[in-house]
Every structure is written in structure tokens, then in C-alpha cells.
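The values are calculated or read from the model by the stated rules, or taken from the named source; none is laboratory data. Nothing here was measured: the structure is a model prediction, and the numbers come from that model. Here the Cβ is made from the backbone with ideal geometry for all residues, glycine too, and neighbour counts use every protein chain on show. The protein model used for the area step is the full one, side chains on, heavy atoms only, and it has no ligands, DNA or RNA in it. Shrake-Rupley method; radii C 1.70, N 1.55, O 1.52, S 1.80 Å.
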Amino acid sequence: MKLTILGCYAATPRTITNPTSQVLEIRNRMFLIDCGEGTQVQLRRNKLKFSKINHIFISHLHGDHFYGLVGLISTFMLLNRQTDLHVYGPKGIKEIILLQLRYSNSFTGYNLYFHELTSKESEVVYEDEKVIVKTIPLKHRVYTNGFLFEEKIRERKLNLDAVNRYKIDTCYYQKIKNGSDITIDNGTIIPNIELTFDPIQPKSYAFCSDTMYDESIIPIIENCDVLYHETTFLESEADKAEKTMHCTAKQAAVIATKANVKQLLLGHYSTRYANINLFQQEAATIFNNVHLTDDGFVFEI
């Protein structure tokens, strides 16, 4: 699992910073999470093959989280994309994007599907044989969701020495990897545990964009490997955080601690701060394994 931060600053784009957007590569899938202005440029700058993006997750309809979406959709059209594109986001996103495409007389040559979200409870929005994605309902000034990305348990790994020792035919390999015991020619049952090794532990990533401090998300993100949590303000501006329904670095660290996550990533910094290291210093007083994100930051999970 690999995370690339394209942008992680709040509000307006600057020449040196970009609003929220990130790419999660998980089990040969490439998911785009939020799509602020400049996302296309950042995808190219980070040498990401964005034609592989088939699923886009938008947390909410504030401009710094989705104003780059219609441009990306249009670019896909100019590049003669044929693959279906799925967009998951709040109710209204379909109307906004299609209105822009209609009035510019720009229609896609590929299938564009919108999955509009309205539930205030966590729900599964994407699932295949390898990955499942659930919403994380957040509390912000407009309807907002974070997203929890979880790998499904992989198949077991063959113990080739044991398989060869029992002279088991290759036609049974998949059955063994699926967890079955095997009966050999003399009638002896070989337990699966002798023929396989445990699979790699599945990983999970929780993305929590704009939100005020909210402990109700803890059961959803509990024990996840990595949590990205917005930290728009420092504790010295806690009153502004409450008024605008955002979080401080300290509050994000408290959530990480109570949810027992393994690692915490900070982002969505207000551009009022000249030194983002202050966010890490503040969060580290509560939670040890904390990292600053920045534009172009790559994190292996």
C-alpha cells in the first residue's frame, strides 16, 4: 500500500502549496482521494500514471477538495479514455459536474458513473475481491465523509518444501492456498497448516478530511494501520477550529490515541502558519508515531 500526497494545505492554492488531493495505491488499484485545484499538475509532477485511476472519492463539496475534478474528467476525454470512471461523493456532485460539462459542450467518450452519498452512518461504497472502502461520517459545515480503505485477507502462502515432500500435484495448489486440507494417495489427511504459511497481514488506511473533533469516528477507524487526520489549526487557535468546524493537531493526536491507530499523518494545514513543524511538535506531545505530510510526500504502508 502506497500513499502519495498531491496536496495537503487548506483553502486557497499557492505557488508553493496545493489543496487536498492524494493517491492511494492498494493491491494494484489506484484510488484518487479528493481532487483540489492543481491535481492534474501534481499527478504529472509525481509521475503517476493517472489513466489507471478508475475510482475517485470526494469527501465534501468545498472547493479546495473538488474544484480540480471537472478538469480531470475533461482531460480524460481529451486523452480518449475508454475505461469507465466512478466518482463517489456527496449528493449534488453529479449535478455540478454534468452542468459544467453540458455548458462547455464537453461530453465524455467513456462511461462516467456517480455514486452519490447521503447516509450519516458508515457504509460500504466500494468492494471487490481484494479491497473494501467504507465511509467515515465526519462533522463539518457541509455534509462530509472520510474514507476507510481496507485490504481483504490474502490467500495463504504455499510451503513449497512441504508440498514437494508430500508430492502433491500442482492442480491442488489453489485449493491449498484457499485454506483446505489435502488427502494424499494413501488416505492420509495433511492439515493445511503444514502446507502453508500465514498470509501477509491486511493493511488499512483511514482518510479523515475536514472535520471538527469527533470521537464518534473512533469505532470505525479503530486499530487501523495509518490515519490521515486534518489539522487545520494549532491549539493556540482552538477557538477558530471550533468556529469553522476544523481540528487542531492536538485533537487529531487524541483521536489517534483513543482509536489505537499505528501511525498518524497530519495535513490540511492553514496557510497562516509559516512552519508546519509546529503541528508535529504539538501532536507528538500526545501521540508518538506522528508524521507531517507535505506536497509530494510518499508514504509506504
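Output the number of the condition that SER74 fails; it satisfies all remaining conditions of (1) among the polar types (S, T, N, Q); (2) exposed (fewer than 14 other Cβ atoms within 10 Å of the Cβ); (3) closer than 19 Å to THR39 by Cα.
All conditions pass for SER74, except number (2).
Quick one: would you say ASP34 is acidic (Asp, Glu) and more than 15 Å from the chain's Cα centre (by Cα)?
In short, no.
Take ALA253 and decide whether it is touching a residue at least 24 places away in the same chain (Cβ under 8 Å), assigned to a strand (DSSP E or B) and buried (at least 19 other Cβ atoms within 10 Å of the Cβ).
Details: touching a residue at least 24 places away in the same chain (Cβ under 8 Å): yes; assigned to a strand (DSSP E or B): no; buried (at least 19 other Cβ atoms within 10 Å of the Cβ): yes.
Answer is no for this residue.
Among the numbered conditions (1) more than 28 Å from MET245 (Cα to Cα); (2) open to solvent by 40 Å² or more (accessible area, probe 1.4 Å), tell me where ARG81 comes up short.
Going through the list (1) more than 28 Å from MET245 (Cα to Cα); (2) open to solvent by 40 Å² or more (accessible area, probe 1.4 Å), ARG81 breaks only (2).
Between a first residue in the stretch 271-283 that is within 18 Å of GLY7 (Cβ to Cβ) and open to solvent by 40 Å² or more (accessible area, probe 1.4 Å) and a second residue that is in a helix (DSSP H, G or I) and not hydrophobic (A, V, I, L, M, F, W, C), which pairs have beta carbons less than 9 Å apart while being 6 or more apart in sequence or on different chains?
Once the first residue is within 18 Å of GLY7 (Cβ to Cβ) and open to solvent by 40 Å² or more (accessible area, probe 1.4 Å) and sits in the stretch 271-283, its partners that are in a helix (DSSP H, G or I) and not hydrophobic (A, V, I, L, M, F, W, C) give ARG272/GLU237.
Just name the residue that is modelled with the lowest pLDDT out of those in the stretch 7-38 that are of a type in the set (A, V, I, L, M, F, W, C) and surrounded by fewer than 20 Cβ atoms within 10 Å (Cβ to Cβ).
ALA11
Just one of (1) on the phi > 0 side of the Ramachandran plot; (2) over 24 Å from the mean Cα position of the chain (by Cα); (3) touching a residue at least 40 places away in the same chain (Cβ under 8 Å) trips up MET245, so point out which.
(2)
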